[in-house]
Amino acid sequence: MPSVRVRRDAASRFCHFAVTFILLTLLLPSATATALEPMLPHHYSEQVDVGGWLMSEKLDGVRGYWDGRQLFSKNGNQLYPPEEFTRGLPPFPLEGELWAGRQRFEQAVSTVRKQKPHDGWLQIKFAVFDVPLAPGGFAERINRARNWLNRNPTPFVFIIPQKIVDSREQMLQELRRVEKIGGEGLIVRKPEALYAAGRSMEILKVKSHQDAEATVLAHLPGKGRNEGRLGSLLVALADGTRFKLGSGFSDRERQDPPPVGAVVTFRHFGTYQSGIPKFPSFLRVRYDHDL
């Protein structure tokens with residue numbers, strides 16, 4: 001009965017195709033999916049003894065995740081660097097900052113936003129700060145990336161240098177040095193810390209001030225010198241706390257303030273019991289919040 005055999009063969013081929021398609025759909029990375037939730041720092045406090053930890057400059061770039069084949073943003077959006085930029089990257093995941101240099105955050109954002117490869121990527125670098133799926137503590141994990149790049153050097157990728165913290169005074173001296181040359185601050189990490197998704201007390205931000213983000217709800221008119229232009233922004237934190245953000249703006253920014261709905265970064269010096277930040281001051285629009 002050849003017709004029955006033909007139908008069975010066709011059905012078998014269809015089943016094989018269907019199974020293969022499903023497996024490829026599940027295994028191949030999507031353009032909007034990251035492999036894991038990132039590890040994030042807490043703010044440093046004097047109560048934490050960081051002697052013997054590792055410190056590095058906190059580079060102000062766009063967080064990137066290399067899954068071994070493709071590059072993604074912190075929110076899981078696929079990025080489109082040219083092949084020349086990724087040629088030296090390893091077949092295992094890396095995390096880092098897509099960094100254009102100190103005080104060039106907007107350049108980095110503009111570069112990575114474009115939906116096709118372009119030469120602008122060759123003006124930035126992938127500054128690696130972790131190997132999230134590697135076993136062991138931080139020092140062991142980062143050595144895996146360092147060993148790879150020693151064997152496969154590329155001008156577009158580097159490991160962020162680490163220094164041992166000898167004392168709090170030495171760390172604060174390094175913080176002053178970094179801020180003096182236009183850096184944002186420091187990151188200190190416990191060398192044996194395992195990679196853990198979410199906020200961790202084994203990785204800390206060290207700055208002379210704190211910073212946070214808020215969403216613009218409204219523009220409030222100015223008075224006196226600022227009459228006819230922005231006086232302050234009414235903003236809200238992620239937990240819904242509302243407050244006015246009125247300092248830190250240039251004349252140009254008061255004439256053309258961040259739009260309603262924009263996410264802004266501001267500096268402050270702790271919070272009141274109400275949750276409202278103390279002495280908040282505008283820093284910039286966070287152009288990469290949706291990346």
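The values are calculated or read from the model by the stated rules, or taken from the named source; none is laboratory data. Model, not experiment: these values are computed from the prediction. Because the Cβ atoms are built from the backbone with ideal geometry, glycine has one as well, and the counts that use them run over all protein chains shown. SASA here: full protein model, heavy atoms, side chains in, ligands and nucleic acids out. Shrake-Rupley method; radii C 1.70, N 1.55, O 1.52, S 1.80 Å.
For the stretch 35-57, a residue qualifies if it is small (Gly, Ala, Ser) and open to solvent by 30 Å² or more (accessible area, probe 1.4 Å), and the qualifying residues are 35, 45, 51, 52.
So which residues in the stretch 58-91 are small (Gly, Ala, Ser), assigned to a loop (DSSP other than H, G, I, E, B) and surrounded by fewer than 22 Cβ atoms within 10 Å (Cβ to Cβ)?
Filtering the stretch 58-91 for residues small (Gly, Ala, Ser) gives 61, 64, 68, 73, 76, 88.
Narrowing the set further to residues that are assigned to a loop (DSSP other than H, G, I, E, B) leaves 61, 68, 76, 88.
Correct list: 68, 76, 88.
Among all residues of the stretch 243-255, there is at least one that is out of contact with any Phe, Trp or Tyr (no Cβ under 8 Å at 6 or more places or on another chain) and part of a strand (DSSP E or B). Taken over the stretch 171-200, the criterion of being open to solvent by 70 Å² or more (accessible area, probe 1.4 Å), under 13 Å from residue 39 (Cα atoms) and modelled with pLDDT under 95 is satisfied by 199 alone.
Restricting attention to the stretch 256-272, and to residues there that are in contact with a Lys or Arg (Cβ under 7 Å, 6 or more places away or on another chain) and either assigned to a strand (DSSP E or B) or of a type in the set (A, V, I, L, M) (or both), which single residue is nearest to residue 283 (Cα to Cα)? Don't jump to the end; show me each part of the working.
Residues of the stretch 256-272 that are in contact with a Lys or Arg (Cβ under 7 Å, 6 or more places away or on another chain), as a first pass: 263-265, 268-272.
Those left that are additionally either assigned to a strand (DSSP E or B) or of a type in the set (A, V, I, L, M) (or both): 263-265, 268, 271.
On the way: 263: 11, 264: 7, 265: 6, 268: 10, 271: 17 Å.
Filtering first and then ranking leaves 265.
The numbered conditions (1) in a loop (DSSP other than H, G, I, E, B); (2) surrounded by 18 or more Cβ atoms within 10 Å (Cβ to Cβ); (3) not hydrophobic (A, V, I, L, M, F, W, C) are all true for residue 141 except (1). Scanning the stretch 94-127 for residues that are open to solvent by 20 Å² or more (accessible area, probe 1.4 Å), in contact (Cβ under 8 Å) with a residue 12 or more places away in the chain and over 11 Å from residue 62 (Cα atoms) returns 102, 103, 114, 115, 116, 117, 118, 119, 122, 123. Would you please name the residue that is modelled with the lowest pLDDT, looking only at residues in the stretch 249-278 that are surrounded by fewer than 15 Cβ atoms within 10 Å (Cβ to Cβ) and in contact with a strand residue (DSSP E or B) (Cβ under 6 Å, 6 or more places away or on another chain)? Among those that are surrounded by fewer than 15 Cβ atoms within 10 Å (Cβ to Cβ) and in contact with a strand residue (DSSP E or B) (Cβ under 6 Å, 6 or more places away or on another chain), it is 278.
Evaluation of residue 115 against the conditions (1) more than 27 Å from residue 210 (Cα to Cα); (2) out of contact with any helix residue (DSSP H, G or I) (no Cβ under 9 Å at 6 or more places or on another chain); (3) outside any loop (DSSP other than H, G, I, E, B) shows that the sole unmet condition is (3). The single condition from (1) open to solvent by 20 Å² or more (accessible area, probe 1.4 Å); (2) under 26 Å from residue 271 (Cα atoms); (3) at pLDDT below 95 that residue 223 fails is (2).
Could you list all residues from the stretch 273-291 that are charged (D, E, K, R), in contact (Cβ under 8 Å) with a residue 40 or more places away in the chain and part of a loop (DSSP other than H, G, I, E, B)? Outline the logic, then answer.
At the first step, the residues of the stretch 273-291 found to be charged (D, E, K, R) are 278, 284, 286, 288, 290.
Now narrow it down to the ones that are in contact (Cβ under 8 Å) with a residue 40 or more places away in the chain: 284, 286, 288, 290.
Residues satisfying the conditions are 286, 288, 290.
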